[in-house]
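Asks: My questions will all concern the structure given below.
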Amino acid sequence: MKNHKRVLIITYYWPPSGGSGVQRWLKFSKYLPEYGWQPVIYTPSNPEIPIADTSLYNDISHEAEIITQPIWEPYTFYKRFLGLKKSDRIQTGFLSEKKKNGWAEDFAIWIRGNLFIPDARKFWINPSTRYLSEWLKNNPVDAIVSTGPPHSMHRIALGLRKQFDIPWIADFRDPWTQIDFYEDLKLSKWADEQHHKQEKEVLETADHILVVGPSMKTDFEKLTSKPIHVITNGYDSSDFEGLPTPKDTRFSIVHIGSMVPSRNPIGLFRALSELKDEHAGIERDLCIRLIGSVDHSIFSAIESLDLSDFVEKIDYLPHNEVVTEQTRAAVLLLVLNKSFSAKRIVTGKVFEYLAAERPILALGDEESDVAEILEQAGVGCVIDHDSVERIKERVIELYESWKYQINDTPIGSYTKFSRKSLTGDLVEILNTTL
């Protein structure tokens, strides 16, 4: 591509894979050509796809070059060990839509943490490094980007950086050893040391580190002296163009995305359970709509609090349909993890929720990065998970606003989180590496 600089992007997640993991670099690559950079995508030809979303093909830039190579992953054995079918999906974050299989599940987690370091895609590292080493000799690029998790992508880039004098940016959508479920991996001392050693080597070798929030930056600054940049996730304004405008006829509290055990909004369920007995209107109009994968523990909590009749469960929807669901919801539910890392977690849905311009009910750490983003955008605050009375007050406010259409459309200041604008920020970093 004439006069365009080229960046090699090493990513496990790419269409037809769906979910949040694919969005960040799919959208960056969509807008990079407008800033004079051609994206060259390196991705597996046969990955384990937890969720397929063919609608995302529409976001692949016509100017992108796509390189694929086969990957071998141990999931066939993993599924067989757990008694799963070949078609069963392997979820992230210890989400299980069925009740767990006791000791077998625990042993599988031990294998995952202790034998697959940094992750189950480790078997793709050496073949990819060899392949790309030869490919780069005849196909020069100006920069390399690796994005994780899975952090094996960083290990591929590390191998290339040792052979070529090509600037490398390591992008962390989530932390490595500071991820919220790291302590649940049942790591031996040796395995823990290996995870930290591999993480440190990546951080010390990459030319620039990219993270998705300011708290992550603070954490990573304790691990490396390399330049660390914050570029958040965002929303794509083109996704919201020409959408139907009708709103829900019920008081729908809508959660979109995976609901893992650490995001079980038990405080909200308690508040709604009490309100349905105290407030006739809420009992009549309430709808709890859960779109995406939901851990069995969430449904157990719902059933125990007599809320099952109010719940609508919808499996994964293509992203274009998700955006429609966001814009028609009465209330968008944002649940932050209950974990030591909750303050630093900034999920991609935060920004799409802002762009949907619907009321947001956010639960989690009141001093988190997300709380600051919502406050700056002028669309509300985050309420602590256990503050049942405050949650009840907020739900009543939202219900009255929905019923009487008062302040129905909160329009905050969020345009700096557009994918096109954020790509401009990325390009500034890319240009400094040259």
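Values in this text are rule-based calculations from the coordinates and carry no lab data. Just so it is clear, the model here is predicted, and its values are computed rather than measured. Using ideal geometry, Cβ is built from the backbone for each residue, glycine included, and neighbour counts are taken over all protein chains shown.
Asks: Checking the table 197/420; 186/392; 162/197 against a 26 Å threshold on Cα-Cα, which pairs fail?
Replies: Values: 197/420 36 Å; 186/392 38 Å; 162/197 17 Å.
Exceeds cut-off: 197/420; 186/392.
Asks: Taking R0 as 25 Å, what FRET efficiency do you get between residue 54 and residue 308 from their Cβ-Cβ distance, rounded to the nearest 0.05? Can you show the working numbers first?
Replies: Values: r = 33 Å, r/R0 = 1.30.
Taking R0 as 25 Å, the efficiency between residue 54 and residue 308 is 0.15.
Asks: Tell me the net charge near residue 56. Cut-off is 15 Å between Cβ atoms, residue 56 excluded, with +1 for each Lys or Arg and -1 for each Asp or Glu. Could you put the intermediate results ahead of the total?
Replies: On the way: positive: 24, 27, 30, 419; negative: 53, 59, 236, 239, 321, 352.
Cβ neighbours under 15 Å give a net charge of -2.
Asks: Now for a separate question. With label points built 7 Å along Cα→Cβ from the Cα atoms of residue 366 and residue 320, find their separation and express it in nm.
Replies: Distance between the two pseudo-spin positions: 4.3 nm.
Asks: Between residue 131 and residue 110, 0.36 nm times their residue separation minus their Cα-Cα distance comes to what?
Replies: Details: separation 21, 0.36 × 21 = 7.56 nm, distance 3.11 nm.
Length gained between residue 131 and residue 110: 4.4 nm.
Asks: What FRET efficiency do you get for residue 433 and residue 284 if R0 is 56 Å and r is their Cβ-Cβ distance, rounded to the nearest 0.05? List each step's numbers first, then the result.
Replies: On the way: r = 59 Å, r/R0 = 1.04.
For R0 = 56 Å, the calculated efficiency reads 0.45.
Asks: Using Cα positions and a limit of under 13 Å, work out the aspartates and glutamates in reach of residue 222, with same-chain residues fewer than 8 apart set aside.
Replies: Within reach: 199, 204.
Asks: A follow-up question, please. Summing -39500 (n - 2.57) over the DSSP H runs of n ≥ 4 in the chain and dividing by its residue number, what mean residue ellipticity at 222 nm do you reach, to the nearest 500 deg cm²/dmol? Intermediate results must be reported in sequence, preceding the final value.
Replies: Numbers: 15 runs with 170 residues, N = 434.
After summing the helix terms and dividing by the residues of the chain, the value is -12000 deg cm²/dmol.
Asks: So, one more: So what J values fall out for the range 57-66 if you push phi through Karplus, 6.51 cos²θ - 1.76 cosθ + 1.60 with θ = phi - 60°, rounded to Hz, Gly and Pro as x?
Replies: Working through the residues one at a time gives 4, 5, 8, 6, 4, 5, 8, 7, 9, 10 Hz.
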